[in-house]
1. Does the stretch A:174-196 contain any residue that is under 22 Å from residue B:41 (Cβ atoms), assigned to a helix (DSSP H, G or I), over 23 Å from the mean Cα position of the chain (by Cα) and within 11 Å of chain B (Cβ to nearest Cβ)?
2. Looking at (1) buried (at least 19 other Cβ atoms within 10 Å of the Cβ); (2) over 18 Å from the mean Cα position of the chain (by Cα); (3) assigned to a strand (DSSP E or B), which is the only condition residue A:247 fails?
3. Of the residues A:409, A:367, A:381, only one is in contact with a helix residue (DSSP H, G or I) (Cβ under 9 Å, 6 or more places away or on another chain), facing chain B (nearest Cβ under 8 Å), under 19 Å from residue A:338 (Cβ atoms) and without any contact (Cβ under 8 Å) to a residue 24 or more places away in the chain; which?
4. Taking residue B:265, is it in contact with a strand residue (DSSP E or B) (Cβ under 8 Å, 6 or more places away or on another chain) and loosely packed, with under 13 Cβ neighbours inside 10 Å?
5. For the stretch B:402-491, give me every one of the helices (runs of 4 or more DSSP H) that falls completely inside it and has 1 or more residues that are closer than 25 Å to residue B:387 by Cα and free of Cβ contacts under 8 Å to residues at least 12 places away in the same chain.
6. In the set B:79, B:23, B:110, B:43, which member is under 24 Å from the mean Cα position of the chain (by Cα) and more than 7 Å from chain A (Cβ to nearest Cβ)?
7. Search the stretch B:52-76 for residues being in contact with a helix residue (DSSP H, G or I) (Cβ under 7 Å, 6 or more places away or on another chain) and under 30 Å from residue A:199 (Cβ atoms), and hand back the single one that is farthest from the other protein chains (Cβ to nearest Cβ).
8. In this structure, does residue A:325 turn out to be closer than 20 Å to residue A:417 by Cβ, more than 22 Å from the chain's Cα centre (by Cα) and more than 9 Å from chain B (Cβ to nearest Cβ)?
């Protein structure tokens with residue numbers, strides 16, 4: 001259950017809270033657990049957990065999800081001292097709301113990019129937006145060329161607003177995704193000796209995107225969809241559900257949360273057992289709001305995914321589940337297969353910055369002073385990109401295991417490992 | 001310089017100053033140099049990313065096969081909770097129990113556990129026992145955790161080379177190990193290099209003789225009394241004081257018998273045996289050599305300090321022989337001062353005996369001193385005596401002691417000296433004490449201190465009785481906390497069956 005916790009401090013905090021003395025009005029039925037937790041001050045928080053998914057809600061202001069109260073409530077429930085009973089009003093209200101929402105999931109496409117319900121689009125508005133975005137993208141293109149004309153060296157001492165101003169104008173131009181990418185660039189200069197290389201690569205790929213957008217009419221359909229998504233045009237759930245669907249036994253390979261612009265993004269990586277397809281399920285939440293916790297790392301889920309259209313489909317939503325999740329050893333690839341797959345994916349979507357990887361039979365090793373590497377049975381090694389390889393090393397014991405994570409040209413970020421003795425270990 | 005680095009340098013300088021390098025494979029496009037540089041860089045970037053080739057690396061050697069099983073899954077989950085900070089103080093108990101039951105820590109928790117041992121030296125031996133061979137294997141790869149290699153009962157300490165070439169820590173580990181199995185061999189080993197070792201090393205090496213101490217060590221220790229190192233001399237004297245049959249013991253007996261003598265007195269027409277005390281009149285070099293410092297550690301007069309030291313180092317058989325009585329009878333003899341009737345040496349005598357009983361691990365004397373009800377205002381000395389008793393007697397004797405001790409401060413100080421687990425009669429008495437104190441509104445501070453002592457030591461079996469108290473005093477945070485901790489420990493120990 002603690003596998004649901006977002007981080008170690010939450011585990012700790014929830015342990016302290018998981019005592020009957022801190023709770024009042026606890027109860028549970030087949031679907032849910034609820035209770036009121038006495039907080040540190042005068043405040044009391046109402047927490048409830050929908051056991052079917054699981055889903056969480058709590059009235060506390062924590063940005064973590066699930067928060068310590070919800071976790072503590074679950075711990076308490078699993079230890080036994082939560083009596084059965086009928087849910088109070090605020091719980092039933094939430095549950096009904098949730099069920100209703102599940103019924104018409106459409107309306108709220110992930111809060112991410114400020115998407116709007118489908119019905120409100122009229123051709124005039126769409127045209128106006130298209131024009132605004134085009135203007136914004138053209139402005140970005142000019143800005144990129146200016147940067148390179150004046151030389152990247154000045155970026156070393158540039159203030160944050162060099163990028164932020166551009167990002168703001170892109171937000172005004174309704175190119176939200178593009179704005180986010182520009183804002184992230186601010187963290188590159190001065191970070192590591194190779195920052196000029198990384199900055200140039202990012203600028204170059206942005207320029208490729210502006211060019212692609214300018215010539216969008218000439219692009220094949222899927223590639224145009226990729227470009228539009230990367231600029232910030234969103235799709236509704238209905239549109240996605242109407243697209244490509246793939247049913248498989250999906251292995252939930254890893255999950256990572258990141259916060260940007262007061263929004264938490266959860267990336268869940270999936271790998272299809274039979275199709276060998278990779279998928280990425282994103283969910284978003286404003287701080288204190290519910291993040292999707294329905295995909296538990298290590299599970300294998302028999303489900304149908306609906307992929308967002310694109311030249312290299314990766315992002316997906318769960319369209320339907322066919323059976324409760326189970327646990328079984330994942331199938332992995334070799335290093336060579338991963339690199340080939342990554343190269344093929346890049347040829348279709350050159351803007352891909354990372355690619356899901358599930359590698360089997362890996363051993364850990366070192367390459368001189370170059371840090372830790374993973375080595376597959378054929379002897380092919382890839383660098384690990386982590387500051388803390390120790391848990392992975394401890395679990396491996398120097399023997400082969402399956403590692404899942406995100407691969408980029410800078411190295412493999414390990415997210416989970418699977419090995420015979422311990423089963424799944426989240427890293 | 002390859003095409004990519006050429007592009008990076010051009011971009012750093014700016015295309016206004018340097019034209020972009022040419023890249024024939026790039027499709028001809030814009031005339032704008034900055035745009036062209038970016039377009040070519042995009043091509044190169046994607047090419048570099050897609051064309052990445054695997055490297056090579058040297059795999060780490062596999063960890064040796066384990067002999068112990070991993071703890072059950074519930075116990076592993078609990079350890080994860082503890083390591084994340086929940087009731088962290090129970091960690092030693094978890095580790096000890098796991099090691100006792102022949103379990104080891106699951107590998108995924110080793111990094112967090114080894115990290116705890118970095119800052120907490122006390123945990124290290126426990127970690128070493130529970131970490132399995134995987135723990136040592138892992139520690140060999142991270143210098144922060146090297147301590148585990150030094151304390152681990154792995155091959156390191158058994159390696160004969162450890163003594164010749166090891167660090168001080170490794171050498172101490174080697175000696176400790178050898179003292180446990182073959183004290184004579186340890187003595188021979190140390191003798192070989194003794195003269196060449198610097199004083200701080202001699203001190204720590206000699207301290208290992210605590211284990212397996214016997215008459216065979218006497219000659220060596222006697223010689224060490226003349227060592228150049230002050231700490232070496234002190235340790236040698238303290239060790240000799242534990243060997244009642246030694247020449248050192250006979251010297252002390254001589255000194256002690258000058259101080260204490262028996263006398264027949266008639267008090268209210270009844271003939272009585274008395275002990276008459278005359279503390280040492282002076283201090284000499286021979287006393288200094290035998291470990292009696294000129295200035296007492298405690299804030300008492302010089303003569304009283306010397307008396308305590310002499311008695312604490314005198315074989316206890318001296319007194320049973322001198323008075324022809326059993327220890328219990330000796331302890332109950334009335335004590336008078338030879339000269340000055342304002343001085344009360346009785347306490348010094350009893351304290352001296354109590355320390356001697358602890359040093360010489362004399363259960364008969366410990367029992368007598370505890371039962372005799374003497375030196376009650378030195379509760380620490382009494383509490384230390386408990387450790388000398390056979391395990392079966394300890395709880396009852398400790399319970400008796402707790403009932404005698406008056407005042408909350410003394411009670412806390414006494415209990416502080418009694419290691420866990422508190423079981424049987426002792427547990428009953430502690431719970432009864434808590435019950436009484438919880439009813440008194442002015443004892444809140446005492447309850448809180450007692451709860452904090454009890455949460456690691458009181459047997460988890462006491463939780464049912466504590467539950468009743470907690471129900472009646474629901475607003476007492478320490479009591480609630482104690483009950484919760486005991487319940488936590490109860491589950492924890494159950495999981496490690």
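1. yes
2. (1)
3. On the way: A:367 fails: in contact with a helix residue (DSSP H, G or I) (Cβ under 9 Å, 6 or more places away or on another chain); A:381 fails: without any contact (Cβ under 8 Å) to a residue 24 or more places away in the chain.
When all the criteria are applied, what remains is A:409.
4. Values: in contact with a strand residue (DSSP E or B) (Cβ under 8 Å, 6 or more places away or on another chain): yes; loosely packed, with under 13 Cβ neighbours inside 10 Å: yes.
Criteria met by residue B:265.
5. Correct list: B:408-417, B:424-439.
6. Details: B:23 fails: under 24 Å from the mean Cα position of the chain (by Cα); B:110 fails: more than 7 Å from chain A (Cβ to nearest Cβ); B:43 fails: under 24 Å from the mean Cα position of the chain (by Cα).
On inspection, the qualifying residue turns out to be B:79.
7. It comes out as B:52.
8. On the way: closer than 20 Å to residue A:417 by Cβ: yes; more than 22 Å from the chain's Cα centre (by Cα): no; more than 9 Å from chain B (Cβ to nearest Cβ): yes.
In short, no.
The values are calculated or read from the model by the stated rules, or taken from the named source; none is laboratory data. It should be emphasised that the depicted structure is a prediction, and the values quoted were computed from it without experimental measurement. All Cβ positions, glycine included, derive from the backbone under ideal geometry; neighbour counts span all protein chains shown.
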